[in-house]
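What follows is one structure encoded as structure tokens, with my remarks underneath.
Where a number appears in this text, it was derived from the coordinates with a stated rule and is not lab data. Quick caveat: nothing in here was measured; it's all calculated off a predicted structure. Positions of Cβ are backbone-derived with ideal geometry, glycine not excepted, and every protein chain shown enters the neighbour counts.
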Amino acid sequence: MKTRRNFIKLTALGSVAVLTSSCSTSEKELEEKTNASKKVVKPIVISTWNHGIAANEVSWKLLSKGGSSLDAVEAGVRVTESDPNNSSVGIGGLPDRDGFVTLDACIMNHENECGAVAFLQDIENPISVARKVMEDTQHVMLVGEGAKQFALEKGFKETNLLTEKSKKAWEKWKEHSNYQPTINSENHDTIGLLALDENGNLSGACTTSGMAYKLHGRVGDSPIIGAGLFVDNEVGAACATGMGEAVIRIAGSAIVVELMRNGMSPYEACKEAVNRVVKKHKDLTGLQVGFIALNNYGEHGGYSVYSGFNYAIHTKTQKEMIDTKFNRK
């Protein structure tokens with residue numbers, strides 16, 4: 001049997017529940033109205049470093065004709081992979097300390113399907129092999145000799161990736177290196193490219209020859225989903241560049257996307273991820289890390305540990321390089 005006191009208590013609790021429910025509904029409706037009023041910028045493509053300009057051009061040709069973001073990101077980074085004058089991606093990439101050019105890449109689409117290759121040798125376009133892993137297997141990543149065998153089975157041609165220019169640079173490095181990798185904040189490794197197509201679908205690609213003169217067998221963040229690249233069509237996409245070990249330690253690109261999910265802008269999310277890198281490392285000497293991000297409204301941003309990081313953007317009305325803000329000079 002209910003007492004008068006219990007009746008009053010239950011009535012009060014019920015009132016609070018109704019008020020809380022009303023407030024929650026109101027906040028949700030407000031959020032939905034705010035999002036609905038946002039103007040979506042699409043298509044759009046952004047990519048890391050100056051070599052992103054040429055990559056964006058090819059991506060944009062596909063996007064501007066209604067092409068998919070997945071086709072666009074693959075075609076874009078292939079340009080950089082096939083440029084022998086670029087010493088940090090694909091053919092012409094600087095080798096490891098034993099003189100072998102080893103490549104890493106990953107790709108991810110709007111349905112969270114993804115593929116990657118790591119420690120791949122003698123194949124010019126690892127990004128396309130990564131896409132084959134995504135589409136033709138049940139796996140996410142293939143590495144080393146297995147990745148090469150898979151590529152050859154899929155019709156990719158064996159290519160000598162060590163150009164004469166990179167070979168001479170490696171031989172000169174051996175004279176004074178004591179077999180230590182080259183680590184500096186100006187080393188423009190990796191191209192990461194993110195795109196949003198006319199259908200509102202996001203995709204991303206990331207590819208690199210890795211840290212110059214690294215230990216044979218070393219793999220950085222670039223082929224690792226969640227570190228070098230992450231895409232979630234409900235929120236946005238992000239990719240990383242710089243010292244891969246530092247990016248892996250904070251699951252960098254996944255963190256950026258989750259920060260955007262929680263309400264941060266692409267710029268704010270990249271900044272917070274960089275701040276985490278700084279907090280997690282006692283010695284920041286030469287430790288450059290940069291992130292770029294693109295949300296599903298076409299808003300974009302970037303941030304880096306050191307100055308000097310930039311990214312290229314291409315839309316219907318904008319085509320330029322953007323210098324990012326940074327944590328320290």
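Key figures
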item: Acute angle (nearest 10 degrees) that the helix 126-136 long axis makes with the longest principal axis of the chain, alpha-carbon atoms; result: 50 degrees
item: Signed unit charges on C-beta, dipole axis of the chain, positive-most listed residue HIS139, VAL274, ALA237; result: VAL274
item: Per-residue Cβ neighbour rank within 10 angstrom, fewest leading, LYS38, LYS148; result: LYS38, LYS148
item: Reachable lysines, given that their alpha-carbon falls under 21 Å from the alpha-carbon of LYS214 and they are not under 8 places away in the same chain; result: LYS148, LYS165, LYS167, LYS168, LYS172, LYS174
item: Under 30 Å from the Cα of LYS319 - lysines, other chains or at least 8 residues apart; result: LYS38, LYS39, LYS42, LYS61, LYS65, LYS271, LYS329
item: Cα long-axis angle, helix 144-153 against the chain (0 to 90 degrees, to the nearest 10); result: 80 degrees
item: Protection proxy ranking of 131-140, 212-221 - average other beta-carbon atoms within 10 Å, highest first; result: 212-221, 131-140
item: In degrees, nearest ten, helix 266-280 long axis to first principal axis of the chain (Cα); result: 70 degrees
item: All Cα pairs of region 122-263, percent lying beyond 25 Å; result: 37 percent
item: Three-way shape label, region 181-265, alpha-carbon gyration tensor, a/c 1.5; result: prolate
item: Residues GLU272, GLU175, sorted so that the one with the fewest Cβ neighbours within 10 Å comes first; result: GLU175, GLU272
item: Region 41-328 shape via C-alpha gyration tensor axes, a/c threshold 1.5; result: oblate
item: In range of the label at ILE53: residues from region 277-318 whose backbone nitrogen is under 16 Å from the point 7 Å along Cα→Cβ; result: 309-315, 318
